[in-house]
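**Student:** Below is the structure I would like to discuss, written out as C-alpha cells.
Rule-based calculations on the coordinates, nothing more; no lab input. Only a predicted model underlies this, so the values are computations on that prediction, with no experimental measurement involved. Cβ coordinates were reconstructed from backbone atoms using ideal geometry, including for glycine residues, and neighbour counts include every protein chain displayed.
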Amino acid sequence: MGHKIAVLPGDGIGSEITEQAVRVLRALDLDLEIQTAPVGGAAYDAMEHPLPPSTLELAKKSSAVLFGAVGDWKYDSLPRELRPEQAILGLRKAMGLFANLRPAILYPQLANASSLKPEVVSGLNILIVRELTGDIYFGQPRGVREVADGPFKGERQGFDTMHYAESEVRRIAHVGFQAARKRSQKLCSVDKSNVLETSQFWRDIMIDVAREYPDVQLSHMYVDNAAMQLVRAPKEFDVIVTGNLFGDILSDEAAMLTGSIGMLPSASLNASNQGLYEPSHGSAPDIAGKNIANPLATILSAAMLLRYSLGATAQADRIEAAVQAVLELGLRTADIFEAGTRKVSTSEMGDAVLKALK
Ligand code: NAI
Ligand code: MG
C-alpha cells in the first residue's frame with residue numbers, strides 16, 4: 001500500500017498552489033495515495049467548521065499533510081474558535097507537531113529580490129527550527145482579570161503565561177542538533193535568558209543536550225541581538241533553534257531577507273516524523289483566483305514532505321533541482337519577475353517544473 005498524503009488546499013490561492021504541487025508529486029515514481037479535504041474558511045462555508053472532524057481524521061491517519069493556506073478577511077467577524085486560523089492550530093495540536101522547520105534560502109537567480117546588499121545575502125541558506133506547541137502561545141492561565149494590588153490595583157489586565165517543560169525543550173533541542181549535524185555543525189540557540197526564567201531554563205537544557213552532540217558547536221544569542229544579526233550578517237548563522245514566540249518573529253524576518261515569500265517552504269513535524277508541510281506565506285486573497293500566485297514554495301514544501309516524512313531523499317532532491325532549473329531558464333511568476341526574465345502563470349510554472357523533472 002502506498003503512503004497516504006492528505007492535501008488540504010484551504011483558502012485564497014491555496015487550491016491553485018497545492019494543485020501544482022500535487023501534479024509534481026504524482027509525476028514521481030512513488031506509490032502515493034493522495035486524498036483531498038476541505039480546511040479553513042472553505043471548510044467553514046461547506047461544513048460550518050474550519051477543521052471538520054473528517055478532515056482531522058484524514059490528516060491523522062496520513063503519513064503527511066500538504067497544506068495550502070487558510071484565512072480571508074471575510075471571516076474576521078466569526079468567533080475566534082470558528083476562524084480559519086484555528087484549523088492550523090488544531091492540526092498542530094492534534095498531531096503533536098512540535099518542530100517547525102523553516103529554511104530561508106536565497107536562490108542565486110533571485111539575488112536581486114532581497115532588499116539587502118548582495119554581499120550580505122548572496123548564497124544565504126539558513127534553517128530556523130522553531131518550537132511550535134509550547135511557550136506563551138499555549139501557556140495557562142491566560143485572559144483578562146482585575147489587578148489585586150500594586151500601582152494598577154483595580155484595573156483590568158490582560159495576561160498570558162510563558163513556560164516550557166524540560167521534555168519540550170529537550171525534544172526541540174534534539175531536532176536542532178540533528179539538523180545542524182547534517183549541515184555545517186553550527187547551532188545557535190536564541191533566548192532571552194538575561195530577563196526570562198523560562199529562557200534561562202531553556203539555555204541550561206540546551207547546554208545539557210549539547211553533550212550528546214560533541215561534533216556540533218553550540219552558541220547562544222539573545223533574541224534582540226539575533227534580530228539585529230539576521231539583518232547585519234545573516235550568513236553567520238546556519239541552524240537557529242528557538243522557542244515558539246521568538247521563532248515566529250525571527251522566521252518571518254529571515255523570510256524577508258530572501259525577498260521572495262513565494263519561494264519559502266516549511267515543515268512541522270512530530271516525534272514520529274509525521275508532518276504538515278506548507279508554504280511560509282498566507283492565502284494571499286488579493287491575488288486569489290487569477291492564476292498568478294507563485295507555486296514554488298508549495299512545490300518545495302512537497303519536496304520537504306518527501307525528505308522528512310517519507311525518507312524519499314532522491315525524489316526530494318529531484319524536485320529541488322527542477323525548481324533550480326526553471327529559475328535558471330529565467331521563468332518567473334509575477335512576485336519574482338524582473339527585467340530580462342519571462343513572466344509565467346501559476347500553472348505554467350507547474351508545467352515547467354514537471355518538464356524539468358524529466
Ligand atoms: P500573505 O502571505 O497571504 O500575503 C502577503 C503578500 O504576499 C500579499 O501581497 C500576497 O499577494 C503576496 N503573496 C503571498 N504568497 C504569494 C505567492 N505564493 N505568490 C505571489 N505572491 C504571494 O499574508 P497576509 O496578506 O498577511 O495574509 C492573508 C491571509 O493569509 C490572512 O487571512 C492570514 O491570516 C492568512 N495567513 C495564513 C497562513 C497559513 O495558512 N499558515 C500564514 C500567514 C497568513
Ligand atoms: Mg508568522
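**Student:** Apply the Kirkwood formula to the chain: the hydrodynamic radius equals the inverse of the mean of 1/r over all pairs of different alpha-carbon atoms; give it in Å with one decimal. Display every interim value, and only then the final one.
**Tutor:** Values: mean 1/r = 0.0472 Å⁻¹.
About 21.2 Å, per the Kirkwood formula over Cα pairs.
**Student:** Give the residue from 220, 194, 5 lying farthest towards the positive end of the charge dipole for the chain; charges sit on Cβ (+1 for Lys and Arg, -1 for Asp and Glu) and the dipole is referred to the Cα centre.
**Tutor:** 5
**Student:** When the chain is treated as a GNM, springs tying every alpha-carbon pair under 10 Å, which of 279, 118, 151 comes out with the largest mean-square fluctuation?
**Tutor:** Judging by the Gaussian network model, the answer is 151.
**Student:** I would also like to ask the following. If you take every DSSP beta bridge fully contained in the range 115-258, what fraction is antiparallel? Give it as a percent rounded to 5. If you can, show how the numbers build up before the last one.
**Tutor:** Details: 4 of 18 bridges.
Roughly 20 percent of the DSSP beta bridges within the range 115-258 come out antiparallel.
**Student:** Distance from the Cα centre of the range 1-71 to that of the range 260-323, in angstrom?
**Tutor:** Cα centroid of the range 1-71 versus Cα centroid of the range 260-323: 13 Å apart.
**Student:** While we're on this one: If the only charges are +1 at each Lys and Arg Cβ and -1 at each Asp and Glu Cβ, what is the size of the charge dipole of the range 240-358 around the Cα centre, to the nearest 20 debye? Show your work: numbers first, answer last.
**Tutor:** Working: 8 positive and 12 negative charges, 90 e Å.
Around 440 debye, computed over the range 240-358.
**Student:** In addition: Long-range amide H contacts for residue 104: which residues qualify at under 5 Å (H placed 1.01 Å from N, peptide plane, sequence gap of 5 or more or a different chain)?
**Tutor:** Counting only residues 5 or more places away or on other chains, the set is 126, 127, 128.
**Student:** If each Cα of the range 7-75 is one equal point scatterer, what is log10 of I(q)/I(0) from the Debye formula at q = 0.13 Å⁻¹?
**Tutor:** Computed log10 I(q)/I(0) values: -0.36.
**Student:** For the range 115-258, with the dipole built from +1 on Lys and Arg beta-carbon atoms and -1 on Asp and Glu ones, taken about the Cα centre, which of 138, 162, 210 lies farthest toward the positive end?
**Tutor:** Most positive-ward Cα: 210.
**Student:** Continuing with the same structure: Out of 314, 284, 210, any idea which swings most in a Gaussian network model of the chain, alpha carbons joined below 10 Å?
**Tutor:** Comparing 314, 284, 210 in the GNM, the peak value goes to 314.
**Student:** Which trypsin sites (Lys or Arg not before Pro) in the range 1-90 sit in a loop by DSSP (not H, G, I, E or B) and have at most 15 other Cβ atoms within 10 Å of their own Cβ?
**Tutor:** Numbers: sites: 4, 23, 26, 60, 61, 74, 80; in loops: 61.
Those that pass, being in a loop and sparsely packed, are 61.
**Student:** Express in whole angstrom the spacing between the alpha-carbon centres of the range 159-183 and the range 327-358.
**Tutor:** 37 Å
**Student:** Out of all DSSP beta bridges with both ends in the chain, state the antiparallel percent to the nearest 5.
**Tutor:** Numbers: 19 of 48 bridges.
Of the beta bridges lying entirely in the chain, close to 40 percent run antiparallel.
**Student:** Karplus couplings for the range 26-40 from phi (6.51 cos²θ - 1.76 cosθ + 1.60, θ = phi - 60°), rounded to Hz, Gly and Pro as x?
**Tutor:** 5, 7, 8, 8, 10, 8, 10, 10, 9, 10, 9, 8, x, 8, x
**Student:** If each DSSP helix of 4+ residues adds -39,500 (n - 2.57) and the sum is divided by the residues in the chain, what number results at 222 nm, nearest 500 deg cm²/dmol? Provide the component values of the computation, followed by the final result.
**Tutor:** Details: 12 runs with 141 residues, N = 358.
Value at 222 nm, helices only, nearest 500: -12000 deg cm²/dmol.
**Student:** Which whole-number percent gives the relative contact order of the range 202-358, counting Cα pairs below 8 Å spaced six or more residues apart?
**Tutor:** Details: 167 pairs, mean separation 25.6, N = 157.
About 16 percent, as a whole number.
**Student:** For the chain, modelled as a GNM with alpha-carbon contacts under 10 angstrom, which of 32, 331, 124 fluctuates the most?
**Tutor:** The residue with the greatest mean-square fluctuation here is 32.
**Student:** Tell me which residues come under 5 Å, amide H to amide H, from residue 4 once H is placed; ignore anything under 5 positions away on its chain.
**Tutor:** So residue 4 has HN proximity to 33, 63.
**Student:** I need the per residue convex hull volume for the range 115-258, using only the alpha carbons, in cubic angstrom as a whole number. Display every interim value, and only then the final one.
**Tutor:** Numbers: hull volume 18.3 nm³, N = 144.
Looking at the range 115-258, the number lands at 127 Å³ per residue.
**Student:** Per-residue HN-Hα couplings for the range 264-276, Karplus 6.51 cos²θ - 1.76 cosθ + 1.60 at θ = phi - 60°, whole Hz, x for Gly and Pro?
**Tutor:** 9, x, 8, 10, 10, 10, 10, 5, 9, 6, 6, x, 10
**Student:** Could you pull the Cα extents of the range 74-166 along its three principal axes, largest to smallest, in whole Å?
**Tutor:** In descending order, the Cα extents are 58, 39, 35 Å.
**Student:** Spelling out what I want: for every residue of the range 215-225, take phi, set θ = phi - 60°, compute 6.51 cos²θ - 1.76 cosθ + 1.60 (Karplus), and round to whole Hz; glycine and proline get x.
**Tutor:** Coupling constants for the range 215-225: 7, 9, 8, 9, 10, 10, 8, 6, 5, 5, 5 Hz.
**Student:** Could you tell me the relative contact order of the chain? Use alpha-carbon pairs under 8 Å, at least six residues apart, and round to a whole percent.
**Tutor:** On the way: 757 pairs, mean separation 75.0, N = 358.
Normalised by residue count, the contact order of the chain is 21 percent.
**Student:** Skipping prolines and chain starts, which residues have an amide H placed within reach, meaning under 5 Å, of the one on residue 219, given they are 5 or more residues away or on another chain?
**Tutor:** Amide H neighbours of residue 219, under 5 Å, 5+ apart: 187, 188, 189.
**Student:** Name the residue from 341, 233, 354 whose Cα lies farthest towards the positive end of the charge dipole of the chain, charges +1 on Cβ of Lys and Arg and -1 on Cβ of Asp and Glu.
**Tutor:** 354
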